[in-house]
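Coordinate-derived values only; no laboratory data. The shown structure was predicted, so the numbers you read here are calculated from the model rather than taken from an experiment. Because the Cβ atoms are built from the backbone with ideal geometry, glycine has one as well, and the counts that use them run over all protein chains shown.
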Ligand SMILES: Cc1ncc(COP(=O)(O)O)c(C=O)c1O
C-alpha cells in the first residue's frame, strides 16, 4: 500500500454515504486500481472482475494500448467539439467502424453516429426510425433493456423498477414476448409463440404500417442472458421487410466480441438496418453510437440530434485502440474458447444442483438460472446467495433476469486460463455452499 492510499483510506470509506441510493449497488468496495481481470482495494484486497463493469471492459481493465491512446490524445486535445471541428481519431473511427456492420449488403455504404451512452444511442435510433419512416410506433420484447432516459425507458421491460412512477412514458410502444426457451417450452415453441404474438399485436393493437422499428437484443441481456432460438432475427427481418419496418439490433451488451463474434447479430444471416453500440466500444470511456446505411442515417437533419460530448476525441482514440486490441489479440475468438469451456464445465457442475434450471449463454455472455427443482418458479434468493458466496471468495458476478433469478458471468475477453480455473472453482464451491 503506498502513502497515497493510506492517507485517503478512511476518508473514502466514510465518503461512500455521499453517493445517492439511486445507484443500486452490488458491493461496497472502494477500488483503488484495476488492471486486466482484477480490481484492487486500497487495503490491497484483489477481486476477479467477472462483471466487466456490466459488460464494458472486454479488453480488460486499463489495457496498456488503450491507456496509451487515451494519454496521447488527452495531451493533444480532450474536447474538440463535433459541431465545430473534426478531429483525427473521430475521422478514423468513422472510417473503420462502419466496416464492422454485420451482414451488410455488399456495396451499401454504412455511416456512423456517435454519442455518449447506450440510452443516447437508443434515442438516436428512435428519432432516426421516426424521421425515416414517418411512423411513430415501436415493437420491442418483454425482458428487454434499452436504457433509462424517457424514450429508452419506454422501450425497457426487463423490470418494473425501471418504469414505475415515471408515467407517462412514450405512447405507441408494443411489447411481444422475447423467445425464452426455458420459460416457453423449448426453442421451437418459444419462437412460434413470439412470432404468433407479433401477428396478434398487428391484428389487434397496432397496424404494422404504423410501426417505425423493431428494437431487439440479439441475446437478451439484463432480462436474463437468454440466447434466442435460431431463426429469430431472420423471422424479424422477414416481418420487417413485409411491412416496411426498420430492424434495429441493440448490441450494447452483446457486441464487441462478447458472444464470440464481433456483433451477436453475426450468429444469424439477418441484415439489420440499425446497430446500436455502447459499453465495450471504448473499453470504458463514455462512447456509444449507431451504425446504419448512410442513405438512412442521413435522414437525420443537421442539428436534429447530437450532443456536446458525442464523439469525444479521447473516447474515439480509446475506441480505435479497442478495435486494434480486439483484432490483434483475436478477442472474439478468445471469447468463444473461454465461453465454450465455461459453459460445458458449468453444465457438468450444475448436474449436482437441482435448483439450477439452466446454464446458458453464448461466448462470454453466460448465465446460471435458479428455480424450484423441476419447475420455473424463480429463486432470486439463490442467485443473490451465489454472488455473495463468490464475492466472499473474491470473485465478482452479477444477477440478471426479471426476478433477479439468474447469475450472469461476464469475463473480460482477455481473461487467462488460470483465471477461468479460479472462477470455475469458486462458482462450484459457492453452489455447494448455498445448497443449490
Ligand atoms: C442492451 C442494452 N441497451 C442499452 C443499454 C443502456 O446503456 P447505458 O447504460 O449506457 O445508457 C444497456 C445497459 O445496460 C443495455 O444492456
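The table below lists the values:
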item: Beta bridges by DSSP in the chain, antiparallel share as percent, to the nearest 5; result: 65
item: Order by protection proxy (mean Cβ within 10 Å, highest first), peptides 194-207, 117-130, 170-183, 392-405; result: 117-130, 392-405, 170-183, 194-207
item: Mean Cβ count within 10 Å, highest first, over the residues of peptides 374-382, 46-54, 61-69; result: 46-54, 61-69, 374-382
item: Helical contribution to [θ] at 222 nm, DSSP H n ≥ 4, -39,500 (n - 2.57), averaged over the chain, rounded to 500; result: -11500 deg cm²/dmol
item: Simple label model, 7 Å out from Cα along Cβ direction - residue 84 to residue 72, nm; result: 2.5
item: Stretch gain in nm, segment residue 308-residue 164, where the contour uses 0.36 nm per residue and the Cα spacing is subtracted; result: 48.9 nm
